[in-house]
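Asks: My questions all concern the structure below.
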Amino acid sequence: MPTSFQQLVYAATRTIPRGRVATYKLLADHIGCRSCRAVGQALKRNPDAPRVPCHRVIASDGTLGGFQGRCAGAALRRKTYLLAAEGVRFSHGRLADPRRLFRFA
């Protein structure tokens with residue numbers, strides 16, 4: 001059973017539209033959390049993917065960040081594939097189109 005903090009992270013993550021991405025920092029700021037890492041740890045434990053689209057959360061520098069608790073390999077290839085299927089592209093390892101960045105209201 002997810003903690004109340006995890007539920008808060010998952011609810012906010014569900015609001016990121018298809019074809020857009022948010023950063024761990026933007027997500028943390030949106031929910032009033034000072035720790036991007038705590039957000040990442042909650043997403044790592046996401047029991048409800050893809051309903052909670054954790055693949056839509058990237059690092060603040062525009063790189064992919066992590067996925068499924070991994071920072072390389074098959075997990076990152078899967079994240080890249082999922083985002084590409086939604087029209088989100090990366091060039092030289094960074095988000096190619098900054099207009100794809102979702103800023104919470």
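Any read-out appearing in this document is the output of simple, stated calculations on the displayed coordinates, not a laboratory observation. Predicted, not measured: the structure shown is a model, and the values here were computed from it. A quick note on method: Cβ atoms are made from the backbone with ideal geometry, for glycine too, and the neighbour counts reach across all protein chains shown.
Asks: Got a sec? Charge dipole of the stretch 4-97, +1 on Cβ for Lys and Arg, -1 for Asp and Glu; which of PRO17, GLY32, GLN68 is way out at the positive end?
Replies: So the residue furthest toward the plus end is GLN68.
Asks: Give the peptides 11-19, 84-92, 40-48 in descending order of average Cβ contacts within 10 Å, highest first.
Replies: 40-48, 11-19, 84-92
Asks: Taking the Cα centre of the chain as origin, work out the dipole magnitude from +1 charges on Lys and Arg Cβ and -1 charges on Asp and Glu Cβ, in debye rounded to 20. Before the final figure, lay out each step's value.
Replies: Working: 19 positive and 5 negative charges, 27 e Å.
Dipole size: approximately 140 debye.
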